[in-house]
Amino acid sequence: MDDPSMFPSESDEYDISTVDLSDDRYEVKQSLVRNKYTVRDSAGNVVLRGKQKMFKLKEEFPFVTGDGEDAFSVKAGGIIDVGGNYAIVDAGTGEEVVVLDEDYSLFVENWTIRDPDTGEALATIESKNKLLSGLRHLVGAANLIPNKYEIFDADGGHVGDIEGQFSMRDAYTVTVDDASDVPKEAVVAAACILDALENQ
């Protein structure tokens with residue numbers, strides 16, 4: 001009989017070697033410095049820090065662990081990436097783990113987390129409030145109203161939420177169901193990125 005441990009689950013395939021996000025709830029908070037983020041687990045421990053950087057018109061979000069070790073980077077694919085693909089690159093292996101693909105239609109952000117090789121959709125992140133999502137692009141003050149997103153697996157089943165909180169600094173609670181095969185690192189990174197990009 002085959003040992004099930006010899007066959008990693010689908011989500012294991014998209015794990016990042018440098019971090020272990022085994023919790024099902026994370027707090028993402030923007031610091032007073034624009035587009036700099038701290039991610040804490042449900043016990044309040046810092047598990048990731050990320051900061052947006054610009055290199056020759058390309059964006060990059062390097063993330064480090066709570067101990068300050070390189071964890072992964074999120075890199076924009078194109079020179080000026082309006083609809084943008086972002087690759088999550090594992091700092092330990094140098095490999096692309098997943099790709100974040102923004103479906104930008106009528107000012108509404110929907111994100112798809114894809115396999116970097118096949119392009120197969122692994123999960124989607126959709127804004128719950130289409131009107132607010134549109135207003136955030138047109139009216140700066142609308143950014144003060146927290147947005148909410150729902151996370152779906154590849155089959156369209158609900159697996160979690162990203163919920164904004166009223167705060168001077170953007171803060172999000174990311175919840176991913178334990179039973180989900182959606183890659184948590186990608187979802188947590190996406191929560192930071194979609195906040196940064198919506199505020200541009």
**Asked** Residue check: is Asp153 at pLDDT 85 or above, charged (D, E, K, R) and out of contact with any His (no Cβ under 8 Å at 6 or more places or on another chain)?
**Response** yes
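Condition check: modelled with pLDDT of 80 or more, surrounded by 13 or more Cβ atoms within 10 Å (Cβ to Cβ) and not basic (Lys, Arg). Does Asp115 satisfy that? Talk me through it step by step, then tell me what you get.
Numbers: modelled with pLDDT of 80 or more: yes; surrounded by 13 or more Cβ atoms within 10 Å (Cβ to Cβ): yes; not basic (Lys, Arg): yes.
So Asp115 fits the description; yes.
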**Request:** Kindly indicate the residue of segment 118-143 that is at pLDDT 65 or above and of a type in the set (S, T, N, Q) and also most open to solvent (accessible area, probe 1.4 Å) among those meeting that condition.
**Result:** Thr118
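Wholly within segment 1-80, which strands (runs of 3 or more DSSP E) include no fewer than the required count, namely at least 1 residues that are modelled with pLDDT under 80? Reasoning before the result, please.
Details: elements: 25-30, 36-41, 46-51, 53-55, 58-65, 70-76.
Output list reads 53-55, 58-65.
The values are calculated or read from the model by the stated rules, or taken from the named source; none is laboratory data. Given the structure is predicted, the values throughout are model-derived calculations rather than measurements. Using ideal geometry, Cβ is built from the backbone for each residue, glycine included, and neighbour counts are taken over all protein chains shown. With ligands, DNA and RNA removed, areas are computed over all heavy atoms of the protein, side chains included. Shrake-Rupley method; radii C 1.70, N 1.55, O 1.52, S 1.80 Å.
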